[in-house]
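Undergrad: This structure is in structure tokens; I'll ask about it shortly.
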Amino acid sequence: MYPELIKIGPLTLHTYGVLVASGFLLALSLAIRQAKRQGIPHALIADIGFYILVGAIVGSRGLYVLMNLSYYLRNPFDIFKVWEGGLVFYGGLIFVIPLVIWYVKRKGLDLWAVADIMAPSLAVGHAIGRLGCFSAGCCYGAPSELPWAVTFTDPKSLAPQWIKLHPTQLYESIGEFAIFLVLISIRTRQSFKGELFWLYGVFYSALRFTVEFWRGDIERGFIMSGLSVSQALSVILFTVSAIMFIRGIKRGVN
């Protein structure tokens, strides 16, 4: 809705960047607070946050570029314009996971304890980041006549203007906030280590798979007709997460 928050001469403060940064800082502060409660050195969690930030930007931008390769081959310098949007969450997740595993193992930390600390933070950070997408107009929805459909009018918006669209960014943001609330509500009564992480995988993949049906930016790529790349990745994440969650529950019962 408002791609540019402040513009002073040649300097522009993009709303997308402000909200993504705000989401990251809030997520990191919540993770550090929980780490202190569990006796895990908060400085190490801060370091993990740095690796997540770098890895998420590189991975999420990299996957977006691959999904729109023909455009970026013609406009290679646009690859670096991340403030305009164009970050695919799954790309960041795929890149970040091995990076975090490497760091956690190197420092001798409990991998699943760290994963459970980071899961709620991941949800709330992503929720705020999606508000950034809404401001920039990226990740926009398909045309809709529903009462809550939105119309983008700013010419700098990445979404089509003057057309009623599904507010898919808000769908996902609301869903992520709900996931965050669920995860923190069960944190004190976990059945096994890694439970919050795998539950996040189950909930988010189901959310993303569903929201994809209402997305309008179809240039993102499809595996086959009616199944986007993100939906295919959602199926994989849901399957792995559900299996690991069920196995964890069974181990906890036994």
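One line per residue, one yes/no per condition, for (1) surrounded by 17 or more Cβ atoms within 10 Å (Cβ to Cβ); (2) at pLDDT below 95:
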position	(1), (2)
Glu212	yes, yes
Glu219	no, yes
Val229	yes, yes
Leu233	yes, yes
Ala242	no, no
Arg247	no, yes
Lys250	no, yes
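Undergrad: Continuing with this model, one more query. Name every residue in segment 125-139 that is assigned to a helix (DSSP H, G or I), open to solvent by less than 50 Å² (accessible area, probe 1.4 Å) and among the hydrophobic types (A, V, I, L, M, F, W, C), in order of residue number. Show your work before the answer.
TA: Step one: filter segment 125-139 for residues assigned to a helix (DSSP H, G or I), giving 125-136.
Next, only the ones that are open to solvent by less than 50 Å² (accessible area, probe 1.4 Å) stay: 125-130, 132-136.
Passing the criteria: Ala127, Ile128, Cys133, Phe134, Ala136.
Undergrad: Further, regarding this structure: Answer yes if at least one residue in segment 76-96 is over 15 Å from the mean Cα position of the chain (by Cα), of a type in the set (D, E, K, R) and modelled with pLDDT of 85 or more, and no otherwise.
TA: If we filter segment 76-96 for residues that are over 15 Å from the mean Cα position of the chain (by Cα), which is where we start, we get 76-81, 83-84.
With the extra rule that they be of a type in the set (D, E, K, R), the set shrinks to 78, 81, 84.
In the following step, the residues that additionally are modelled with pLDDT of 85 or more were identified as none.
Within segment 76-96, none of the residues are over 15 Å from the mean Cα position of the chain (by Cα), of a type in the set (D, E, K, R) and modelled with pLDDT of 85 or more.
Undergrad: Would you please name the residue that is nearest to Ile236 (Cα to Cα), looking only at residues in segment 72-120 that are open to solvent by 60 Å² or more (accessible area, probe 1.4 Å) and β-branched (Val, Ile, Thr)?
TA: By that ranking, first place goes to Ile94.
Undergrad: Still on this structure, please answer the following. For residues that are open to solvent by 50 Å² or more (accessible area, probe 1.4 Å) and either touching a helix residue (DSSP H, G or I) at 6+ places or on another chain (Cβ under 9 Å) or assigned to a loop (DSSP other than H, G, I, E, B) (or both), tally how many sit in segment 140-169.
TA: 10
Undergrad: Related question: Can you tell me which residue in segment 36-54 is surrounded by the most Cβ atoms within 10 Å (Cβ to Cβ), limited to those that are touching a residue at least 40 places away in the same chain (Cβ under 8 Å) and under 17 Å from Lys105 (Cα atoms)?
TA: Here the answer is Ile52.
Undergrad: Name the single residue, out of those in segment 178-200 being of a type in the set (Val, Ile, Thr) and within 14 Å of Val124 (Cα to Cα), that is least open to solvent (accessible area, probe 1.4 Å). Give the steps one after another, and end with the answer.
TA: First, the residues of segment 178-200 that are of a type in the set (Val, Ile, Thr): 179, 182, 184, 186, 188.
Right, trim to within 14 Å of Val124 (Cα to Cα) and you get 179, 182, 184.
On the way: Ile179: 12, Val182: 62, Ile184: 58 Å².
Among those that are of a type in the set (Val, Ile, Thr) and within 14 Å of Val124 (Cα to Cα), it is Ile179.
The values are calculated or read from the model by the stated rules, or taken from the named source; none is laboratory data. The structure presented is a predicted model; accordingly, all values stated were derived computationally and were not measured. Because the Cβ atoms are built from the backbone with ideal geometry, glycine has one as well, and the counts that use them run over all protein chains shown. Calculation scope for accessible area: heavy atoms of the full protein, side chains included, ligands and nucleic acids excluded. Shrake-Rupley method; radii C 1.70, N 1.55, O 1.52, S 1.80 Å.
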